[in-house]
Amino acid sequence: RAKKGSNNREKIIKKLQKLYLKRTRQRLDFLHKLTTDLGNKYETIYLENLSVSKMIQDKKFSKGISDIAWYKFEELLKYKTQVIKVNPAYTSQECSNCGYINKKNRKSQSQFNCLKCNYKENADLNASKIILKRGRADLYNAKVNQ
């Protein structure tokens, strides 16, 4: 409510700047601790090759995606461990048990139920198994082609 050009407005702006700087530093500290822990536990980490810049263009999700700092997380991981990016196509629709891909396999945000082999699991856990499987295949193919 402070008027433009007033001293109170300047004080409020400086307080807000300090708060934003504190939040930025807390986020960076958390990301460093998390990536260091992951780097110490795992030799290789597999990630989906998501286009974060395109995802940010969607006004519905842009603030949340930017706030999470996915790109910074990935950059910190890259210099602490080996990161292999995997094609994200159909990872949420493919069955980790039999490999069957169908849009209807994913019943809800949290439930995965394969229509072919009737395999049931948490949808995110199933997708992470697909990412791991694809990443290991990509790593194997890269070693064979060398």
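Okay, here's what the table says:
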{"quantity": "Choice from GLY99, GLY39, GLY135 with maximal GNM fluctuation in the chain (Cα, 10 Å cutoff)", "calculated": "GLY99"}
{"quantity": "Exposure of ILE13 as accessible area (Å², to 10), given a probe of 1.4 Å and all protein chains", "calculated": "70 Å²"}
{"quantity": "Square roots of five times the Cα gyration tensor eigenvalues for the chain, Å", "calculated": "40, 22, 13"}
{"quantity": "Rounded to the nearest 10 Å², the accessible area of LEU125 at probe 1.4 Å", "calculated": "90 Å²"}
{"quantity": "Positive-pole candidate from VAL52, ILE12, THR35, dipole of region 1-121, charges at beta carbon", "calculated": "ILE12"}
{"quantity": "Length-normalised contact order of region 7-146 in % [C-alpha pairs under 8 Å, at least 6 apart]", "calculated": "20 percent"}
{"quantity": "Cβ-based net charge around ASN102, under 14 Å, with every Lys or Arg adding one and every Asp or Glu removing one", "calculated": "+4"}
{"quantity": "Per-selection Rg to Rh, region 73-116 - Cα, Kirkwood hydrodynamic radius", "calculated": "1.17"}
{"quantity": "Cut-off of 10 Å, at most 12 other beta carbons, DSSP loop: longest stretch of the chain lacking such trypsin sites (Lys or Arg not before Pro)", "calculated": "5-58"}
{"quantity": "Greater than 22 Å apart at Cα, pairs in LYS41/LYS85; LYS72/LYS120; LYS4/LYS59; LYS78/LYS143; LYS18/LYS78", "calculated": "LYS72/LYS120; LYS4/LYS59; LYS18/LYS78"}
{"quantity": "3J(HN,Hα) from dihedral phi, region 45-59, Karplus parametrisation 6.51/-1.76/1.60, rounded to Hz, x for glycine, proline", "calculated": "10, 9, 10, 6, 7, 7, 8, 5, 4, 6, 5, 5, 5, 6, 4"}
{"quantity": "18 Å tail of the calculated P(r), region 1-50, as % of Cα pairs", "calculated": "59 percent"}
{"quantity": "Stretchable slack from LYS107 to ILE12, in nm (0.36 nm times residue separation minus alpha-carbon distance)", "calculated": "29.4 nm"}
{"quantity": "Spatial separation of Cα centroids for region 11-31 and region 118-146, in angstrom", "calculated": "38 Å"}
{"quantity": "Karplus-derived 3J(HN,Hα), 6.51/-1.76/1.60, for each residue of region 89-94, Hz, glycine and proline x", "calculated": "4, 6, 5, 8, 10, 8"}
{"quantity": "Neighbourhood charge, 13 Å Cβ-Cβ cut-off, centred on ASP37 and excluding it, Lys, Arg +1 and Asp, Glu -1", "calculated": "+2"}
{"quantity": "Distant-in-sequence amide H partners of VAL86 (H built 1.01 Å from N, under 5 Å)", "calculated": "LEU47, GLU48, ASN49"}
{"quantity": "Ellipsoid semi-axes in whole angstrom, largest first, where each is sqrt(5λ) of the Cα gyration tensor of region 75-146", "calculated": "27, 15, 9"}
{"quantity": "Dipole magnitude (debye, nearest 20) for the chain, charges at Cβ of Lys, Arg, Asp, Glu", "calculated": "1080 debye"}
{"quantity": "Of PHE61, PHE30, PHE73, the one that fluctuates the most in a GNM where the chain has Cα springs shorter than 10 Å", "calculated": "PHE61"}
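The values are calculated or read from the model by the stated rules, or taken from the named source; none is laboratory data. Just so you know, these numbers come straight off a predicted model, no measurement behind them. With ideal geometry, Cβ positions are generated from the backbone for all residues, glycine too; neighbour counts draw on all protein chains shown. Just the protein is used for accessible areas: all its heavy atoms, side chains included, with ligands, DNA and RNA removed. Shrake-Rupley method; radii C 1.70, N 1.55, O 1.52, S 1.80 Å.
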